[in-house]
Amino acid sequence: MTAALFPLPEGTDTQQLSLLGDPRPVRTPAKLWRVWLSDPTTRQRFENKRYRRGTDQCWPWIGAISSTGHGSFRAASLPGLSRRGTVPAHLYAYQLEHGIIDRLGWSALTDPILCHRCDYAGCTNPHHLRLGTAGDNRTEYLARRHGPNSPLADTRGTAGLSRAIADTIRTGLAANEPPKAIETRIFAAYTAGRPWVLW
């Protein structure tokens, strides 16, 4: 990742729409993203709220979780709507790795959005995220939501799964447990919501 990823062409007034469990989107101008992504203090606060594991594994968000199961990261406190300055954690993670997404919002089905390859809404591993469309995301959701091992099939819902994993990681970290013990905790939290557990 380099700082060269963050600038956009002069005069670009790109805005992104962020939904955090509320149907009213919050507009975030690209100039704010550049500040938040390049500021070392903001980046460190972000890193403190995600649990990094192997490059092929999910990196769970251990901060605030929205009603959709996505991480909520307060990049800054801004005047106005109470949620201004709060952005989806996976969106911050993706742009930290790949640069600012030039998107104007969700005004059409072809506008880019972020899709989780892993189907786990709380994941902030940029390698588990890809750009797609709302149509792509919906098609993948419908195709994979009933798989017994899919995070989408969790009986607690996506927010319940994300909160359970975040809680168990925070508990393990507070007890100074080694990574292997925390992995055992994550596995137990993940499997507790599998549909077959109830039968």
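Computed values, structure above
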item: Subset tally (residues that are in a loop (DSSP other than H, G, I, E, B) and under 16 Å from Thr68 (Cα atoms)) for the stretch 155-192; result: 2
item: Scan of the stretch 184-199 for residues that are within 20 Å of the chain's Cα centre (by Cα) and open to solvent by 20 Å² or more (accessible area, probe 1.4 Å), ordered by number; result: Phe187, Tyr190
item: Criterion: open to solvent by 20 Å² or more (accessible area, probe 1.4 Å), at pLDDT below 85 and in contact with a Leu (Cβ under 9 Å, 6 or more places away or on another chain) - qualifying residue of Asp102, Asp119; result: Asp102
item: Members of the stretch 29-74 found to be among the charged types (D, E, K, R) and assigned to a loop (DSSP other than H, G, I, E, B), listed by number; result: Asp39, Lys49, Arg52, Arg53, Asp56
item: Residue satisfying condition, being open to solvent by 20 Å² or more (accessible area, probe 1.4 Å), within 21 Å of Ile65 (Cβ to Cβ) and touching a Ser or Thr at 6+ places or on another chain (Cβ under 9 Å), within set Leu91, Leu152; result: Leu152
item: Long-range neighbours under 7 Å by Cβ, at least six apart or interchain, first residue open to solvent by 50 Å² or more (accessible area, probe 1.4 Å) within the stretch 26-52, second β-branched (Val, Ile, Thr) and at pLDDT 95 or above; result: Lys49/Ile62
item: Odd one out for Ser18, checked against (1) modelled with pLDDT of 60 or more; (2) within 23 Å of Cys118 (Cα to Cα); (3) among the hydroxyl-bearing types (Ser, Thr, Tyr); result: (1)
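One line per residue, one yes/no per condition, for (1) farther than 19 Å from Ala188 by Cβ; (2) touching a residue at least 24 places away in the same chain (Cβ under 8 Å):
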position	(1), (2)
Asn137	yes, yes
Glu140	yes, yes
His146	yes, no
Arg156	no, yes
Ala159	no, yes
Arg163	no, yes
Asp167	no, no
Gly172	no, no
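The values are calculated or read from the model by the stated rules, or taken from the named source; none is laboratory data. The structure displayed is predicted, hence computed values, not measured ones. A quick note on method: Cβ atoms are made from the backbone with ideal geometry, for glycine too, and the neighbour counts reach across all protein chains shown. Ligands, DNA and RNA are excluded from the accessible area calculation, which covers all protein heavy atoms including side chains. Shrake-Rupley method; radii C 1.70, N 1.55, O 1.52, S 1.80 Å.
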